[in-house]
Amino acid sequence: MRLMNEGVLATATGERNDARQVPVVRLAHVSKRFSNGTLALEDFTFAFPQHGFVSLLGPSGCGKSTILKLIAGLNEPTSGAIQWMGGQSQQRDGRRDIAFVFQEPTLLPWANALRNVMIPLILSRVPWAEAKSRALEALEQVGLAGFESSYPRELSGGMKMRVSIARAIVERPRVLLMDEPFAALDEITRFKMNQDLLKLWQAHEFTVLFVTHSVYEATYLSQHVLIMAPRPGRAYARVAVEAPYPRDEGFRGEPLYHERCAEISALLAETSHG
Amino acid sequence: MADARQDIQLPEFAWLEAEPTMSGATHRETEASAFRQLMPRLIAPMLFAVVLFGGWEYAIRAYKIPFYVLPDPLLILKTVVADWGLLSQSLLTTLKVTFQALGLAVVLGVSLAIIFNQFRWFEMAVFPWAVVLQVTPIVSIAPLIIIWADNVRLALLICAWIVAFFPILSNTMIGLNSIDQNLTNLFQLYRASRFDTLRYLRLPAAMPYFLSGLRISGGLSLIGAVVAEFVAGTGGQGSGLAYRILEASFELKIPRLFAALFLISATGLCIFALTSLLSWLLLRHWHESAMRKER
Ligand SMILES: Nc1ncnc2c1ncn2[C@@H]1O[C@H](COP(=O)(O)OP(=O)(O)OP(=O)(O)O)[C@@H](O)[C@H]1O
Ligand SMILES: [Mg+2]
């Protein structure tokens, strides 16, 4: 019953706006075998809705990071296709297709926060003054105004993560890939970052693909939670979290939230144990 | 209820209340620790020098060692001053050769490292020969170079360069390749060109490695310049400090020999201090090697 293949399109519920449920990127029967013979993904099919917020949840090693890397073009699928709506292009009306937030902040240690955020703009030849003002704006959006000239060494783990997020949103990507971005943060900071992320998402209207190991984080943030089965990785179940946005901390106390958390936990246990 | 809790916690508070008097002491302690940090860096070597040179001076007076066997430190300093006209000329020559060689080593070492990094086949073809050049003792090839090069100055420069070149090359090569996998992915995601990746990722990442190579090469280029001049053994106008040593030993002007030796050591020390300072200036914001440990 739960097993499904076509992603959210057929049964979308609780979307912000039904007319918008067009896929931005679709993985069709994607398999990935690494050169050492590991079959990381097998016949994975899923369509990620435009402007949607989808979380990937699954046991360690089930191929979540692999999916993000395939979408980002950092790895090639062994078979199957990755289809972009309207074809993929690097830049479109000043927007980049994809931004990636890695599990580690992945900042240039020799550059201060401002320069780190400017890097994508510098690489796409945005004029210096414009790049600078956009980077400052992005830093402000992640709550780091005043820390432009701090070096990564001088920032806390959470602040570094914010710089990394500012760098990802500075080019207003269509798709934001996030691989366990808050895994290393304390819970209070994580809650705060969750809030901020939702705000950014609503302001910028990008599509978010969010990998996490936390059922609660996934439920709190997402419109859809995709649960994956391991060895080889494939889509196992999808759970929609129909609560409207903006969601605030109060949502964590609502019955719907607890129901979904329980449901997702059960599914996760199911896939993890065979 | 609240009272009971306070009762239980009272001993704990007593502990905490001892704190202010302690923090008064910590202030003095930070000053003391600043002193303790400076101590090994600056004062210790100076103290050691005082002991060493004092002992030397004393031993020479006590055992009446003649100055043509071993001059005392004061005499050496006096000779430096007295022969400054001659010695400063030679110092200038040695400095010129050393810094020209170092400059050449930096330019060619870094360029070659970049070319190796960009064209692997070229690295495979050429790098082994750079190693051959490095492992061949400079004294054994210096005579050849002196024969081939049509003036001594050029020969000295080539010798000093050969010695100084390799640490910069090999360190920069390692640096250009030591990049975090995630950062590589990031630049790939941004479709950065090869040139941009070099400029914004590889070169800055290589900087600490290059600088540690530079510190080694600074000393080596001086050694190369001195050794080559020894081998050449020709003097005359504008000869360097090494020739002054040779000359002084032939003429048994032992204090002058030591004066020249002193200048060479001082030069080496200055080069090391300069390259260390440069390294600290460039890396202080981000690299572990230049960070002061927070206490
Ligand atoms: N470069 C690689 N070479 C070979 N095998 C790999 C490589 N990258 C990942 N794998 C394998 O592919 C499988 C999926 O890896 P992936 O990193 O996508 O898992 P994940 O779901 O992100 O796990 P985690 O939750 O622990 O991050 C794992 O079995 C892993 O060993
Ligand atoms: Mg992963």
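The values are calculated or read from the model by the stated rules, or taken from the named source; none is laboratory data. These figures come from a predicted structure and were not determined experimentally. For neighbour counting, all protein chains shown are included, and Cβ atoms are generated from backbone atoms with ideal geometry for every residue, glycine included. When the accessible area is computed, the model is the full protein with side chains, heavy atoms only, and any ligands, DNA or RNA have been set aside. Shrake-Rupley method; radii C 1.70, N 1.55, O 1.52, S 1.80 Å.
Whole number in Å², please: accessible area per residue of chain A, 1.4 Å probe, ligands, DNA and RNA not counted.
40 Å²
What are the principal axis extents of the Cα atoms in region A:102-159, in Å, biggest first?
Projected onto its principal axes, the Cα set of region A:102-159 covers 30, 20, 19 Å.
Among A:160, B:253, what's the order by accessible area (1.4 angstrom probe), most exposed first?
Largest to smallest exposure gives the sequence B:253, A:160.
Under the rule of at least 5 residues apart or a separate chain, name every residue whose amide H is placed under 5 Å from the amide H of residue A:236.
Distant-sequence amide H within range of residue A:236: A:227, A:228, A:229.
Can you give the local net charge around residue A:135? Use residues other than it whose beta-carbon is closer than 10 angstrom to its beta-carbon, Lys and Arg +1, Asp and Glu -1.
Local net charge: 0.
Whole Å is fine, so just give me how far the alpha carbon centre of region B:164-213 lies from that of region A:94-132.
With region B:164-213 and region A:94-132 each reduced to a Cα centre, they are spaced 18 Å.
If amide H atoms are built 1.01 Å from N in the plane of the peptide, which residues on other chains or at least 5 residues away come under 5 Å of the amide H of residue B:239?
For residue B:239, whose amide H was placed from the backbone, there are no distant partners under 5 Å.
Quick check: with the 1.4 Å probe, what order do A:241, B:227, B:152 take by accessible area, largest first?
B:152, B:227, A:241
Roll a 1.4 Å probe over the protein heavy atoms and report the accessible area of residue B:153 in Å², nearest 10.
My reading of the accessible area for residue B:153 is about 100 Å².
Taking the protein assembly as shown, how many lysine pairs are there with alpha carbons less than 18 Å apart, if each pair must be eight or more places apart or span two chains?
4
With the full set of protein chains in place, find how many percent of the accessible area of the protein assembly as shown is carbon and sulfur; take the probe as 1.4 Å.
63 percent
Tell me, what is the 1.4 Å probe accessible area of residue B:68, in Å² to the nearest 10?
Roll a 1.4 Å probe over it and residue B:68 shows about 140 Å².
Can you sort A:201, B:286 by 1.4 Å-probe accessible area, starting with the largest?
So, going from the largest accessible area down, we get B:286, A:201.
Given only helices, namely DSSP H runs of n ≥ 4 each adding -39500 (n - 2.57), what is the per-residue ellipticity at 222 nm of the protein assembly as shown, to the nearest 500 deg cm²/dmol?
Helix contribution divided over all residues of the protein assembly as shown: -19000 deg cm²/dmol.
At 0.36 nm per residue, minus the direct Cα-Cα distance, what do residue B:82 and residue B:273 gain on full extension? Give it in nm, one decimal, please.
Difference between extended and current length: 66.1 nm.
How many angstrom separate the Cα center of region B:144-160 from the Cα center of region B:60-82?
Between the Cα centres of region B:144-160 and region B:60-82 lies a distance of 35 Å.
Show me the ranking of peptides B:261-267, B:133-139, A:40-46, B:276-282 by mean Cβ neighbours inside 10 Å, starting with the highest.
Ranking the peptides B:261-267, B:133-139, A:40-46, B:276-282 by packing returns A:40-46, B:261-267, B:276-282, B:133-139.
From the square roots a ≥ b ≥ c of the eigenvalues of the alpha-carbon gyration tensor of region B:42-103, which class results: rounded (a/c under 1.5), prolate (a/b over b/c), or oblate?
oblate
Evaluate the distance, in nm, between pseudo-label points positioned 7 Å from the Cα of residue A:245 and of residue B:266 along their respective Cα→Cβ axes.
Simple spin-label model gives 7.1 nm for this pair.
Residue A:80's amide H: which non-local residues (gap 5+, or another chain) put their own amide H closer than 5 Å, with H modeled 1.01 Å from N in plane and none for Pro or chain starts?
So residue A:80 has HN proximity to A:31.
Need one value: the accessible area of residue B:110 in square angstrom, 1.4 angstrom probe, rounded to the nearest 10.
Rounded to the nearest 10, that gives 30 Å².
Could you check the simple spin-label distance between residue A:22 and residue B:141, using points 7 Å along Cα→Cβ, in nm with one decimal?
Simple spin-label model gives 6.6 nm for this pair.
Just for the protein assembly as shown, what percent of DSSP beta bridges are antiparallel, to the closest 5?
Close to 55 percent.
Could you state how much accessible area is buried at the B-A interface, both sides summed, with a 1.4 Å probe, in Å² to the nearest 100?
2300 Å²
What are the ³J(HN,Hα) values, in whole Hz, obtained from phi via the Karplus relation 6.51 cos²θ - 1.76 cosθ + 1.60 with θ = phi - 60°, for each residue of region A:62-73 in sequence order, with x given for Gly and Pro?
Those phi angles translate into 8, x, 5, 4, 4, 4, 4, 5, 5, 5, 6, x Hz.
Roughly what would the spin-label model give for residue B:62 and residue A:153, points 7 Å off Cα along C-beta, in nm?
The answer from the label model is 4.7 nm.
Would you please give the FRET efficiency between residue A:76 and residue B:108, computed as 1/(1 + (r/R0)^6) with r the Cβ-Cβ distance and R0 = 30 Å, to the nearest 0.05?
0.15
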